[in-house]
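What follows is a short report on a single structure.
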Amino acid sequence: MTTLKDISVTDTRYVKVLDKGFVGLIDHMGSDDAVVQAARVSYGTGTKKVREDRGLIRYLMRHEHTTPFEMCEVKFHIRLPIFVMRQLIRHRTASVNEYSGRYSVMTDEFYVPKTIELQSTTNKQGREGLYSKAETSGFQDMMNDMHTKAYETYEQFIEEDMARETARAILPVSNYTETYWKCNLKNFLHMAWLRMDSHAQWEIRMFADAMYGLVEPLFPAVCEAFEDYKLNAVRLSSMEVKLTKVIFGDYMENWDDYITDWYEMPDMSPESVEKAEKRICKDFGLSKRELEEFKKKWE
């Protein structure tokens, strides 16, 4: 298995991610011009001005005409913890070949987070609030002890000629794995949109950020359009559209002014705000969580 020591510090194709992982963009096919060519099948390279090419790419992205983006591909070499790999593999449009613990001995390197957070009280998939340095250090020591014990047991199983495919079952999902991951540009950007989102797990975001950072210089116009119309855009449900029309149709003010004026609130006390927001949810068919998400979209 490839380690960080095996990657040349001068190889600009690779970037370090987490404590012992990396991402390398080892190959790609196409460019902004290839997307334009695919969209204008009767034209060749250079027949349109750069400004017009950029406008076409932005039109394609804005209206989700995605086939031209599928004409380009990116291929990565990635080393990442198994639990992060399990999130990346969910993007089934990619072609993937992963290091096999059936044929080869697994690495003795494991991921240990630098910071450890508490479970979120409002999101079953999220974190919130940090442990103290002393508590974090204690948890990290426990993780390292567990990793050492698990790998020593794994080595013992291997020495006793246990099948590798069985022996690996003792190893935790913090164990590092390695993969080659290839995807067309359209589906890569969809992965980036989901995994670079603030709601995604921090570790997969670090890999998605690194992957995107390597792709962006190769497809600058495509990535610019992606950021403007997808990554940094706001999507609204039909209920949110109705609420937005009411707010911005008559009031170009902030949220507090809106609920105060429309719901005749006597004050901005927590009780009054809660009462007004309950009525908003009822009037526009929103759940409490949907209303909170709507407000965050405008922060």
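Sequence-distant contacts, meaning Cα pairs under 8 Å at least 6 residues apart, place the relative contact order of region 88-241 at 28 percent. List the aspartates and glutamates whose alpha-carbon lies under 19 Å from that of Lys182, not counting same-chain residues fewer than 8 positions away? Once the sequence-local aspartates and glutamates are set aside, what remains near Lys182 is Asp27, Asp32, Glu70, Glu73, Glu98, Asp209, Glu216.
Other residues whose C-beta falls under 13 angstrom from the C-beta of Ile116 contribute a net charge of -2, scoring Lys and Arg +1 and Asp and Glu -1. Computed extension length for Met29-Arg205: 60.9 nm, one decimal, from 0.36 nm per residue of separation with the Cα-Cα distance subtracted.
Dipole magnitude of region 19-135 about its Cα centre, charges +1 at Lys/Arg Cβ and -1 at Asp/Glu Cβ only, in debye to the nearest 20?
I would put it at about 280 debye.
Is the shape of the chain rounded, prolate or oblate, going by the alpha carbon gyration tensor and its root eigenvalues a ≥ b ≥ c, with a/c under 1.5 for rounded and a/b larger than b/c for prolate? Oblate is the answer for the chain, as a/c is 1.5 or above yet b/c matches or exceeds a/b.
Charged side chains reduced to their Cβ positions (Lys and Arg at +1, Asp and Glu at -1) give the chain a dipole of some 980 debye around its Cα centre.
How would you classify region 81-206 from its alpha-carbon gyration tensor, with a ≥ b ≥ c the square roots of the eigenvalues: rounded for a/c under 1.5, else prolate if a/b is greater than b/c, otherwise oblate? In terms of gyration-tensor shape, oblate.
Given R0 = 22 Å, the distance between the Cβ atoms of Ile158 and Lys16 translates into a calculated FRET efficiency of 0.15. Spin-label model, Tyr59 to Ser237: label points 7 Å out along the Cα-to-beta-carbon direction sit 3.4 nm apart.
Taking Cα atoms only, the orientation of helix 202-215 departs from the longest principal axis of the chain by about 90 degrees.
With a threshold of 31 Å on the Cα-Cα distance, the over-threshold entries among Lys133/Lys230; Lys5/Lys75; Lys16/Lys295 are Lys133/Lys230; Lys16/Lys295.
Per-residue ellipticity at 222 nm computed for the chain from its helices equals -14000 deg cm²/dmol, with DSSP H segments shorter than 4 residues left out and the rest contributing -39,500 (n - 2.57). Look at the dipole of region 139-242 built from charges on Cβ: of Leu231, Ile158, Ala200, the Cα furthest out on the positive end belongs to Leu231. Rounded, prolate or oblate: which one fits region 58-148, using the alpha carbon gyration tensor with axes a ≥ b ≥ c (rounded when a/c is under 1.5, else prolate when a/b beats b/c, else oblate)? Oblate shape, in that a/c is at least 1.5 and b/c is the bigger or equal ratio. Each of Leu56, Gly30, Asn144 was placed along the dipole of region 20-157 (beta-carbon charges, centred on the mean Cα), and the one lying farthest toward the positive end is Leu56.
Under a cut-off of 24 Å between alpha-carbon atoms, report the lysines in cross-link reach of Lys288, not counting same-chain residues fewer than 8 places apart. Hits, sequence-local ones excluded: Lys124, Lys242, Lys245, Lys275, Lys278, Lys296, Lys297.
A short reminder: the numbers here are calculations on the coordinates, not readings from a lab. Being a predicted model, the structure only gives us computed values, none of them experimental. As a convention, Cβ positions derive from the backbone with ideal geometry for all residues, glycine included, and neighbour counts pool all protein chains shown.
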